[in-house]
Amino acid sequence: MKKPNPVVASVIKVERLSTNVQRILLQSEDFKNFPKTQPGAYIKLLFNHDGSAFTGSGKPSMMRTYTVRQLDFHKGVMTIDFALHGGEEKSGPASDWAQSARPGDRICLAGTGSIKALPEQYDWVLFAGDLTALPAIESHLAQLPTTAEGYAVIKVGCQEDIRPIVKPQKVKVLWLTDPKQRLANTIRQLEIMPGNPAIWAASEFSQMREMRKLFSREWNIPRSDYYISSYWKKGRSEEQHKTDKRNDQEALAA
């Protein structure tokens, strides 16, 4: 299905979910005609060169990718959860915009795009990621069958970022709040379940590479049998991160 052209949306609600997560509800009549979103579906928020929200005049200079947490087609309302950067992490235009957004503000976005879904057949699940991947992980967990079992390993900024998650009873969630904790190290210590896993992982670039090495070299899982991606890279803009991802994939293929 053809993706919609960029549309203008208005902020109708801003809610701070935790120390490092800001939820924004956007409304647009065009959302009612968007393709049905799957877990992990994403949109592109558009910004001007100075970091301000692009609202349709001229051409945007930057775009930032975010997961659709929820899309109410009947009301034309989209929910997006923003991981806020602070402390030693430099904020980008989307994070800055999310922190200052107020009802009535407008922004253009394009989408939706989709990512690889879970396989149809699996024996247990493993989800892993940081705050940027949490909306997608939550969406996946909420749609699993009640009989599903496995793990979700989630790295957050602090204890206050931990929140209740809708999930099958037999899926255990492990929250990592220590900045020194690494996703791959925690996954390595899990009790591996019998059978074939369905693995979905997304995080900061360096942590992604550590998890990919674990899955492919230590667990010997074919690359086609799991989804893994880096959503950002410390100290790099999204444009620079895309270049790093492309170089990484070329080196991996070689």
task: Calculate, for Arg102 and Asn33, the FRET efficiency according to 1/(1 + (r/R0)^6) with r their C-beta to C-beta distance and R0 35 Å; round to the nearest 0.05.
output: 0.85
- prompt: If the cut-off is 22 Å between C-alpha atoms, which lysines fall inside it for Lys170, apart from same-chain ones fewer than 8 positions away?
  reply: Lys155
Net charge dipole size for the chain [Lys, Arg +1 and Asp, Glu -1 on Cβ; Debye, nearest 20]: 340
message: Normalised radius of gyration for the range 131-254, please: alpha carbon Rg relative to 2.2 N^0.38 Å, two decimal places.
response: 1.09
field: Ile162 accessible area, assembled protein chains, probe 1.4 Å, Å²
entry: 60
message: Quick check: with the 1.4 Å probe, what order do Glu160, Glu138, Glu210 take by accessible area, largest first?
response: Glu160, Glu210, Glu138
- request: Straight distance only, please: which aspartates and glutamates reach the Cα of Lys167 with their own Cα at less than 17 Å, same-chain residues fewer than 8 apart left out?
  value: Asp123, Glu138, Glu149
task: Return the carbon/sulfur percentage of the accessible area of the range 6-87, one whole number, probe 1.4 Å, all protein chains in place.
output: 46
Extended-chain gain in nm, criterion 0.36 nm per residue less alpha-carbon gap, Ala251 and Gln70: 61.6 nm
field: Cα-Cα pairs of the range 97-148 separated by more than 16 Å (percent)
entry: 60
message: Rg over Rh of the range 62-186, using C-alpha atoms and the Kirkwood radius, what does it come to?
response: 0.98
field: Per-residue SASA entry for Leu144, accessible area with 1.4 Å probe, Å² rounded to 10
entry: 20
- prompt: How large is ³J(HN,Hα), in whole Hz, for each residue of the range 97-109 in order, when computed from phi with the Karplus curve 6.51 cos²θ - 1.76 cosθ + 1.60 and θ = phi - 60°, using x for Gly and Pro?
  reply: 5, 4, 6, 9, 4, 9, x, x, 5, 10, 7, 8, 9
task: Express as a percent, rounded to the nearest 5, the fraction of DSSP beta bridges in the chain (both residues included) that run antiparallel.
output: 55
field: Kirkwood Rh in Å, taken over all unlike Cα pairs in the range 1-85
entry: 13.7
- line: Placing one equal point scatterer on each C-alpha of the range 1-148 and summing with Debye, one gets log10 I(q)/I(0) at q = 0.10, 0.16, 0.19 Å⁻¹ equal to -0.36, -0.89, -1.21
message: If DNA, RNA and ligands are ignored and the probe is 1.4 Å, what is the ranking of Trp97, Trp200 by accessible area, most exposed first?
response: Trp97, Trp200
field: Histogram of C-alpha separations across the chain, 5 Å bin width, %
entry: 1, 6, 13, 17, 19, 17, 13, 8, 4, 1, 0, 0
task: Starting from the Cα of Asn185, step 7 Å along the direction of its Cβ; do the same at Gln143; then give the gap between the two resulting points in nm.
output: 3.4
- prompt: For the range 171-227, which whole percent of the accessible surface, found with a 1.4 angstrom probe, sits on carbon and sulfur atoms?
  reply: 46
- prompt: Counting only heavy atoms of protein chains, what accessible area per residue, in Å², does the chain have with a probe of 1.4 Å?
  reply: 53
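The values are calculated or read from the model by the stated rules, or taken from the named source; none is laboratory data. Remember, it's a predicted structure, so these values are computed and weren't measured experimentally. All Cβ positions, even for glycine, are placed from backbone atoms using ideal geometry, and neighbour counts span all protein chains on display. These accessible areas exclude ligands, DNA and RNA; they are computed on the full protein's heavy atoms, side chains included. Shrake-Rupley method; radii C 1.70, N 1.55, O 1.52, S 1.80 Å.
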